[in-house]
Amino acid sequence: NAGMNAQEIGKALHREPAEIVKKLFMLGIMVNQNVSLDKDTIELLAADYGIKAEEKEVVNVSDLDKFFEEEENNKEHQEDRAPVVTIMGHVDHGKTTLLDYLRNSHITAGEAGGITQAIGAYQLKKDGKTITFLDTPGHAAFTAMRARGADITDITILVVAADDGVMPQTIEAIDHAKAAKTPIIVAINKIDKPGANPNHVIEQLTGHGLVPEDWGGDTIFVEISAKMGTNVDELIDMILLESDVMELKANPDQNAAGSVIEARLDRGRGPVATLLVQQGTMHVGDPIVVGDTFGRVRTMMNEKGKNLDKATPSTPIEVTGLNDVPEAGDRFIVFDDEKTARAAGEERAKEAQMEERKKNNSVTLDNLFDSI
Ligand code: GDP
Ligand code: MG
């Protein structure tokens, strides 16, 4: 039935809910067992089990009670999590300068000099609250992630240079944020420059549906100088304000799941992946499937190169221990045991290979030998 969740489907099929969640994951759908699924997903799942799903209207009062009870219990486990923020904007409008300023201005004394890694994401703390910044290299990576279904950003910071105004990539960034349904905070940058004209930028953006509160809209604008650090603290406050309103939550008490931010092959350490934990808590030693790859988390560190033994939702981490290099935007999920993780990883790799072969239906020597 449409609306059933993995737990209920598990019961109906006499399977463990965790198995249903894993199956869904292998089909490319990342949900926890309490999320109700749409008809197509249930049919897909059922087909995978060789069963034809039939839609039936069964409203059983005791089931409903139980369902709401579970939902409530589930909420009890939900805890506040840090917002995940992406900085976008036209080339040369100051994205890197802003990220660098943020990174450097919020290093505590003990950390200074301890920054050895640049892992594509980092966390910043202000007034006891944390913000996770994604340091993705430009729009291409963001687009790739979105194409793979990984909408991992909660808030977009749109940087627009006050001496240059709205440019093609500004509009592209607005479109991305709208498609991903993330709120936009506008940072009008370079206000220290003699030619700066913030009002002109506001006028231009109003034409793209971004209207400041003073002008009757609901978009937050902050006028900054990323170079001098002017008003950057206000920008951070605005991010925290916006994220408070969004009431971002996740359940830390389950197997970790999330997305790949970037990954590469390191000569000494093998495949290295930067992951964002979105649900649950990740531990060193966890058996994991990441896209079409699998393994066991051998090492886990934060952006400062500090070893962690656990990582909660919204934490970016760098892990080693995978059998291969996953792709940006791939999903990951932790399994209860390594055997199942390996089986799932191998199955996914096989499926990916078959897809690849279907795509290249011309036979080359290479894939001919591959298939023997
Ligand atoms: P990105 O392409 O968006 O990452 O832009 P960058 O951060 O690389 O900045 C492009 C140029 O603008 C660099 O030369 C920066 O020093 C300069 N810049 C960035 N922010 C400011 C600012 O607030 N004021 C001034 N005067 N220059 C800035
Ligand atoms: Mg840059």
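The one condition from (1) touching a Ser or Thr at 6+ places or on another chain (Cβ under 9 Å); (2) more than 30 Å from ASN323 (Cα to Cα); (3) not aliphatic (A, V, I, L, M) that GLN254 does not meet is (2).
Scan the range 170-181 residue by residue and report those that are away from ligand 2 (no atom under 16 Å from the Cβ) and free of Cβ contacts under 8 Å to residues at least 40 places away in the same chain.
Filtering the range 170-181 down to residues away from ligand 2 (no atom under 16 Å from the Cβ) leaves 171, 174-181.
Those that are away from ligand 2 (no atom under 16 Å from the Cβ) and free of Cβ contacts under 8 Å to residues at least 40 places away in the same chain: ILE171, ILE174, ASP175, LYS178, ALA179, ALA180, LYS181.
For the range 274-293, filtered to residues that are touching an Asp or Glu at 6+ places or on another chain (Cβ under 7 Å) and part of a strand (DSSP E or B), the residue that is surrounded by the most Cβ atoms within 10 Å (Cβ to Cβ) is VAL290. Being over 18 Å from the mean Cα position of the chain (by Cα) and either at pLDDT 95 or above or away from ligand 1 (no atom under 16 Å from the Cβ) (or both) holds for only one residue in PRO287, PRO313, PRO326, and it is PRO287. As a summary of the residue check, GLU234 satisfies the conditions (1) on the phi > 0 side of the Ramachandran plot; (2) in contact with a strand residue (DSSP E or B) (Cβ under 8 Å, 6 or more places away or on another chain); (3) modelled with pLDDT of 95 or more except for the one numbered (1).
Just checking, which of ALA263, ALA187, ALA250 is surrounded by 19 or more Cβ atoms within 10 Å (Cβ to Cβ), within 16 Å of ligand 2 (Cβ to nearest atom) and of a type outside the set (Val, Ile, Thr)? Before the answer, list the steps.
Numbers: ALA263 fails: within 16 Å of ligand 2 (Cβ to nearest atom); ALA250 fails: within 16 Å of ligand 2 (Cβ to nearest atom).
Criteria check complete, one pass: ALA187.
The values are calculated or read from the model by the stated rules, or taken from the named source; none is laboratory data. Only a predicted model underlies this, so the values are computations on that prediction, with no experimental measurement involved. Because the Cβ atoms are built from the backbone with ideal geometry, glycine has one as well, and the counts that use them run over all protein chains shown.
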